[in-house]
Amino acid sequence: RSGRVTGVQTCALPILRNGRSHSVALLAMCVAAAMLLSFVESRIPTFIPVPGVRIGLANIAVLLALRRLGLPSAAAVSLVRVLISALLFGNVVALIYGLSGAVLSLLSMYLLLRFCRALGTVGVSVAGGVMHNVGQLAAACLVMGTGVLYYLPVLIISGTVAGVLTGLLCGELLRRTEKIK
């Protein structure tokens, strides 16, 4: 090492070379990004007067964790995001809806990435967005009855549009960070 390397750079080098430390750092960044994106999304006014219609920006961090770190890490990002978001921006009902949507979304994205690689990031994200809405609707049916099923077409369309947007953003993020291992 040259004499020009500062103490900060010397301390940072082992993190970049150690795969486990790098994974932990990436996991922490994904959790922080998911929380930040959830906060930003909570401040965006809803232009469609249908409950549950959101962009799903935090799905970018979950999908990134799923692609880079695997299912257990993505599940951790998703669970922490849902729990903290419900505490900060919602209530117990938001926790139930968020958790049911997150579990179904993550499971569908994982299965598609595992068994249907040709689908791509956008297709996987669309499936995740739609299945998130389906999971939330299933929870709503348990809480309020089947009268809420008329929301299904709107939620499928919104999940598809949001999935395309978040899939494109995640795909670009994956492309730009490809060399970071």
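Quick notes
- Kirkwood hydrodynamic radius computed over the chain comes to 17.2 Å, based on all pairs of distinct alpha carbons.
- Cα-centred dipole magnitude for the chain, charges only on beta-carbon of K, R (+1) and D, E (-1), debye, nearest 20: 900 debye
- Rounded to the nearest 500, the 222 nm mean residue ellipticity of the chain from helices alone is -27000 deg cm²/dmol, with -39,500 (n - 2.57) taken per DSSP H run of at least 4 residues.
- Integer Hz, Karplus 6.51/-1.76/1.60 couplings in order for the stretch 78-83, x for Gly and Pro: 5, 5, 4, 4, 5, 5
- Dividing the mean sequence gap of close Cα pairs (under 8 Å, 6+ apart) by how many residues the stretch 92-181 holds gives a relative contact order of 33 percent.
- Gyration tensor verdict on the stretch 135-181 (Cα atoms; rounded if a/c is under 1.5, prolate if a/b is larger than b/c, oblate otherwise): oblate
- Euclidean distance between Cα centres, the stretch 62-91 to the stretch 119-153, Å: 18 Å
- Using θ = phi - 60° in the Karplus curve 6.51 cos²θ - 1.76 cosθ + 1.60, the 3J(HN,Hα) couplings for the stretch 146-162 round to 7, x, 7, 5, 5, 6, 3, x, 5, 5, 5, 5, 5, x, 5, 4, 5 Hz; x is entered for Gly and Pro.
- The chain, accessible area per residue, ligands and nucleic acids excluded (1.4 Å, Å²): 59 Å²
- Note on the stretch 80-120: the C-alpha convex hull projects to 3.1 nm² when averaged across all orientations.
- Value of relative contact order over the chain, rounded to a whole percent, pairs C-alpha under 8 Å and six or more apart: 22 percent
- Residues in the stretch 60-67 carry Karplus couplings, in order, of 4, 5, 5, 5, 4, 4, 5, 6 Hz; the curve used is 6.51 cos²θ - 1.76 cosθ + 1.60 with θ = phi - 60°, and Gly or Pro positions show x.
- Given +1 at the Cβ of Lys and Arg, -1 at the Cβ of Asp and Glu and no other charges, the dipole of the stretch 104-181 around its Cα centre is 380 debye to the nearest 20.
The values are calculated or read from the model by the stated rules, or taken from the named source; none is laboratory data. Bear in mind the structure is a predicted one, so any value in this text is a computation, not a measurement. Neighbour counts are summed over all protein chains in view; Cβ atoms, including those assigned to glycine, are modelled from backbone coordinates with ideal geometry. Side chains included, ligands, DNA and RNA excluded: accessible areas come from the protein's heavy atoms. Shrake-Rupley method; radii C 1.70, N 1.55, O 1.52, S 1.80 Å.
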